[in-house]
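The values are calculated or read from the model by the stated rules, or taken from the named source; none is laboratory data. None of the values given here were measured: they were computed from a predicted structure. Cβ atoms come from the backbone with ideal geometry, glycine included; neighbour counts cover every protein chain shown. Heavy atoms of the whole protein, side chains included, go into the accessibility calculation; ligands, DNA and RNA do not. Shrake-Rupley method; radii C 1.70, N 1.55, O 1.52, S 1.80 Å.
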Amino acid sequence: MEPVAPIVKFSSLKKRYGAGPWILEDINLAVTADDFVSLIGPSGCGKSTVLKLISGLSPGTEGGLEVLGTTPKQARDRQAFIFQDATLLPWLTAQRNAELPLRLRGAAAPERAAKARAMLDLVGLAGARDYYPRQLSGGMKMRVSIARALTLSPQLLLLDEPFGALDEMTRNRLNEELLALRERSRFTALFVTHSVSEAVFLSNRVVVMAANPGREHGEVRVDFPYPRPAALRGSPEFLAKVNEVTQLLHQVEATS
Ligand code: ADP
Ligand code: MG
């Protein structure tokens, strides 16, 4: 069998800002194409920094980081970042917002319109294309944000607490939709969350981080097959995984 080429590979990576304390110490996370990895851990343990390093927004200080076979900066065109704040431009419609990344890349108007329309259809916003952000609910804004990211057909999707501001029902629905989108678009996902059940529902791997300095504390594999039905959340196997992750988090919180 061919060895599986990693999509993201940290090698003893350390990070600090200026002469400050180590923010991350000895990160060795490796992510492969089929992975949906969630990062979970106390505030300030460096989850967002891990995503920023991958996206090339912030250089590492020591050690190595390879993304999609190259440097984070050179892999930029093949990855997309989704934040908790949907960051839509208020003066543009949902359609225009979704077209923006392709516009910035110089795509022709018909092409970017068609692609944005297709992605908005996919996230269930066919009827809301001409709405402005102020006319959209929080969940709808996040759907536009996801559609916008997917217009670039990224191989790697980085999501930093994308559903943290949403109510639980909306969050659950978006979790299911995100997995359905992944069945179609086949991206690798790295997902930061504070919600244990969200991490378990979405991921095949949940990485628990500790703080001061930020590091990998442990990992829980979640082998439920995809696509995962909403009813999975009520099963004893699911709750056992939630407990496993929660116990790792308790260990981390007791020591930081
Ligand atoms: P998390 O996302 O897990 O809450 P972050 O990655 O945002 O953690 O932050 C990790 C640590 O790095 C925190 O202590 C934070 O204060 C620090 N930090 C983040 N960004 C900067 C920066 N630009 N300059 C200095 N320190 C930073
Ligand atoms: Mg963060």
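When the convex hull of its Cα atoms is viewed from all sides, the chain shows a mean projected area of 14.8 nm².
Comparing SER48, SER137, SER12 in a Gaussian network model of the chain (Cα springs below 10 Å), the most mobile by mean-square fluctuation is SER137. Considering only SER58, LEU39, PHE10, and ranking their Cα positions along the charge dipole of segment 1-59 that arises from unit charges at the beta-carbon of Lys, Arg, Asp and Glu, the one farthest toward the positive end is SER58. On segment 1-155, 53 percent of the accessible area sits on carbon and sulfur atoms, based on a 1.4 Å probe. Relative to the Cα centre, the charge distribution of the chain, modelled as +1 at Lys and Arg Cβ and -1 at Asp and Glu Cβ, gives a dipole magnitude of about 920 debye.
Per residue, the accessible area of the chain comes to 47 Å² when a 1.4 Å probe rolls over the protein heavy atoms.
The modelled label-to-label distance for the pair THR255/SER58, using points 7 Å beyond Cα in the direction of Cβ, is 2.3 nm.
Viscosity 1.306 mPa s, temperature 10 °C: Stokes-Einstein D of segment 2-42 from its Kirkwood Cα radius, in µm² per second? This corresponds to a translational diffusion coefficient of 131 µm²/s.
Below 9 angstrom from the Cβ of GLN84, what's the summed charge of the other residues (Lys, Arg +1; Asp, Glu -1)?
Net charge around GLN84: -3.
Measuring nothing but how far apart in sequence close Cα pairs (under 8 Å, 6+ apart) lie, relative to its length, segment 53-102 scores a relative contact order of 29 percent.
Taken one residue at a time, the phi angles of segment 219-234 give Karplus couplings (6.51, -1.76, 1.60, θ = phi - 60°) of 9, 10, 7, 10, 9, 4, x, 9, x, 9, x, 4, 5, 3, 4, x Hz. Gly and Pro are set to x. Using R0 = 41 Å, the C-beta based FRET efficiency linking ALA109 and ALA33 works out to 0.80. Electrostatic bookkeeping for ARG173 treats Lys and Arg as +1 and Asp and Glu as -1; over the other residues with beta carbon under 13 Å from its beta carbon, the sum is -2.
Within segment 50-100, the chymotrypsin sites (Phe, Trp or Tyr not before Pro) that combine a DSSP coil assignment with at most 16 other C-beta atoms in a 10 angstrom radius are TRP91. Beyond 28 Å in Cα-Cα separation lie the following of the pairs LYS47/LYS141; LYS52/LYS141; LYS141/LYS241: LYS141/LYS241. For segment 44-171, the convex hull drawn through the C-alpha positions has a volume of 122 cubic angstrom per residue. A Förster radius of 41 Å combined with the Cβ-Cβ distance from ARG221 to TYR17 puts the calculated FRET efficiency at roughly 0.80.
Distance between the 7 Å Cα→Cβ label points at ALA230 and ARG76: 4.0 nm.
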